[in-house]
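Worksheet for the structure shown next.
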Amino acid sequence: MRECFPARAQSHAAGALAILCGVLFALAASASAQNSAADANALLARGAQLIQSKPAEAVKLLQQALRLDPELPTLRYQLGIAFHAIGDEADAEAELREAVGRTPDSAAAHNYLGIVLFQMGEAKAALEEFRAAAKLAPKDPNAHFNLGEALARTGDGNGAVEELRVAAGLAPGDAGLARLVKVVETALAARESTLPESTIKVDVRQVLVPVVVTDREGHHVTGLTQADFRVFEDGVEQKITAFSLESSGLSQAVVPAKSEPAAATPAASSAARTSAASPQAPRRTYMILIDTLHASFNNFVSAREALVKLFQQEHSADSQYVVVALAAAPEMVLNVTSDPAAVLAVFQNKRFQKFFLDGQMGGMNAEMERFRRDLTETRYACDLAATDSVFKIKCAAGLSRAPQQSHQIAELDRTLTVGFLRQFRSLVAQLARARDRRTIVLISDGFQIEPGREALALVNAFFPPASHCLVPPDVYCPPNEMQSTSRMADEFEPILQLAAASDVTIDTIDSRGLYGQKAFDASNPGNPVTVDGAVGRVDRDAAAANGNTLAEIAEATGGTAFHDSNNLLGGLQRAFADGRDYYTIAYVSGNANLDGKFRAITVQVRDPKAVVNAKRGYWAAPAAQ
């Protein structure tokens, strides 16, 4: 190959060649740049499209676009939204600040930066971004709503109500916003009539508590009044400041308490509006969240059949639905729709099984089954080791493998659980932005948040510690290398905190149906007699722990845990009904110390036979900096 720039170019021909090569290089570079720009634009378009359905994938695509063309317009904005969607607020803030710096006249960029700052607890900084957004887009109701919420959070009740009035005027079809404005106006009027003007201060620490009341047969009790309720925080009775009833789709306006005015805005609401108000805005949203990571195929099929029956009966003019399959990453089965027939079609489609198979890829079920089989074979070999040298060798080899295998399973379990919980939190965060009644119906076989616990317990059950190991004395029984496991509180509890703070109710459906012992499962090959009792206890403990996690989620968020029943359809029907027949009570906490600690909530009704279901409490958010 001839060089474009030879070491010695002394002729005119050589000079001409050099010029020609330079032109060719320039053209090639230009073409390459054009190709890169086209690729970056395609990645941007695809990434922006996936932000709502697959935010983690959207982040990867947008980062690829950033490497190809860091100057691409709107790229930083879309990347900031994507980071926010996966719960990475720090990176979201960085990208959105870059977007604001590049396009200071973008109301959308200022608004979303405000949302991220608000989510991070920086209400004062968020306030400035919302002011800028409202100034740049004076006809956008979302900008005014967000500004109103930030003003309320920073103590400016009068400014808050003015912005909420503007937002309501720009979105006349949003009945929920209109009711909120009325409550705030009532609160301000009541305060002004009882306090000197110089000391007026609207308390924005209002706590909202959705409450479901049923009789002992599970039928909803309607027609109760505010006088029928009492609410306690950490055992101390609180004064109810507002009260409302939602009954089978027929809502009654919020009625502030006569004795004390309502506060301006929900205490722990970190949700800022991100979508335009609709003239026919739905009053309730149901997210059907199917846990495909921890499911067995038979239970998945049973849950699918129950969902088909549910949506054959579902008819609602003011509800919307979204269906998500959640494994280590979420898959959008069906994006938001108000058409129950569309949801039914998804569950009836044969391709729905693909979501189960995708969720099982690289999951724990297959690994645990292989692990159990190896432990069983090793235990049989050890029991026969005294009579056969071959079994003695197999016993020793299996004993040396067991601790390492349990450690590997624990690491896999931890990795999968972290991904699952983070995506779960991201989905809750997306629902938290709305103001309608939001219910997540989590369908799952249950799961543990203490990775490796079952694997360690199985090793100890099949092979008790070395001091009393049930093997011949001349076979070495190594001690277990994993002596303890730990609860993933840092990953799990933020989900409960966010849901409780945003009044997102999570009902859990245990898809295992009626519980049975694993020993009677046809797929179970049976355990060696010497350890059958110990292994059976591990199985029962693991099954209980899986269910306990589901129960904890429901209890913390005011939902109901449906378990130990083959009537999955009944559980789904109850979850949907609880989203339609409920009361909302509000109070301003008498404890003004915003220390971030958990505050226990107890709700009582006058009828001692009634069953009351409400969130167990909330975490008192620290004051905004």
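Only the coordinates and a few stated rules stand behind these numbers; no lab work does. Fair warning: this is a prediction, and the values are worked out from it, not measured in the lab.
Details
- Kirkwood-type radius of segment 50-108, with distances r between different C-alpha atoms, in Å: 11.2 Å
- Multiplying the residue separation of ALA38 and GLU237 by 0.36 nm and subtracting their alpha-carbon distance yields 65.3 nm.
- Residue-span extension gain [ASP339 to VAL390] - 0.36 nm each, minus C-alpha spacing: 11.9 nm
- For segment 275-406, the Kirkwood hydrodynamic radius comes to 18.2 Å, computed from all pairs of different C-alpha atoms.
- Stokes-Einstein D in µm²/s, Kirkwood radius over Cα pairs - segment 290-580 at 20 °C with 1.002 mPa s viscosity: 104 µm²/s
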